[in-house]
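Report on one structure; see the data block that follows.
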Amino acid sequence: MSGILQVLYTCETCGALDRKVTVPHRKENEDIRGWMDQVTRRIADDHRIRSPFCTATTMTNAKIPLEEGKNIGGI
């Protein structure tokens, strides 16, 4: 079963606050590191498009919804 999650991120450098990015759910048995790499790439891509002149090199905050009894990013 697959689906999508809305992840929120913040950048203190440019003032972006809780911007939404759509990411796929983590697949059953998918390694968290690979999934997080994908999430951070999507956040970076979104930030680059929406704040092209921001000079930040690190992300301040990312909020990933978590349901009780589920894995991070899982469904």
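The numbers here are math on the coordinates, done by the rules we state, and not lab data. All figures in this text were calculated on a predicted structure; none of them were measured in a lab. A quick note on method: Cβ atoms are made from the backbone with ideal geometry, for glycine too, and the neighbour counts reach across all protein chains shown.
Calculate the spin-label point distance for residue 54 paired with residue 8, positioning each point 7 Å from the Cα along the beta-carbon direction, and give it in nanometres.
If labels sit at residue 8 and residue 54, their model points lie 1.5 nm apart.
Whole number please: convex hull volume per residue of the Cα set in the chain, in Å³? Show your work: numbers first, answer last.
Details: hull volume 6.1 nm³, N = 75.
Considering the Cα atoms of the chain, their hull volume per residue is 81 Å³.
Determine the sum of side-chain charges near residue 22: Lys and Arg each +1, Asp and Glu each -1, restricted to other residues whose C-beta is under 12 angstrom from that of residue 22.
On the way: positive: 19, 20, 42; negative: 45, 46.
Taking every Cβ under 12 Å from that of residue 22, the sum is +1.
Considering the options 62, 49, 24, tell which one lies farthest towards the positive end of the dipole of the chain, charges being +1 on Lys and Arg and -1 on Asp and Glu at the Cβ, about the Cα centre.
49
What 222 nm value per residue comes from the helices of the chain, counting each DSSP H run with n ≥ 4 as -39,500 (n - 2.57) and dividing by all residues, nearest 500 deg cm²/dmol? Mind showing how you got there, number by number?
Working: 1 runs with 19 residues, N = 75.
So the calculated ellipticity at 222 nm is -8500 deg cm²/dmol.
Looking at the chain, identify the longest residue range that excludes and avoids all trypsin sites (Lys or Arg not before Pro) in DSSP loops having at most 15 other Cβ atoms within 10 Å.
Longest site-free region, per DSSP loop and neighbour criteria: 28-69.
Add +1 for every Lys or Arg and -1 for every Asp or Glu among the other residues with Cβ under 11 Å from the Cβ of residue 7, and state the total.
After counting each charged neighbour, the total is +2.
Roughly how tilted is helix 32-50, in degrees to the nearest 10 and between 0 and 90, from the longest Cα axis of the chain?
Between helix and principal axis, roughly 30 degrees.
Rounding to the nearest 20 debye, state how big the charge dipole of the chain is about its Cα centre with +1 on each Lys and Arg Cβ and -1 on each Asp and Glu Cβ.
The calculated dipole for the chain is roughly 200 debye.
So what's the net charge close to residue 48: Lys and Arg +1, Asp and Glu -1, counting the other residues with Cβ under 15 Å from its Cβ? All intermediate terms of the calculation are to be shown ahead of the outcome.
Details: positive: 19, 41, 42, 50; negative: 45, 46.
Combined, the nearby Lys, Arg, Asp and Glu give +2.
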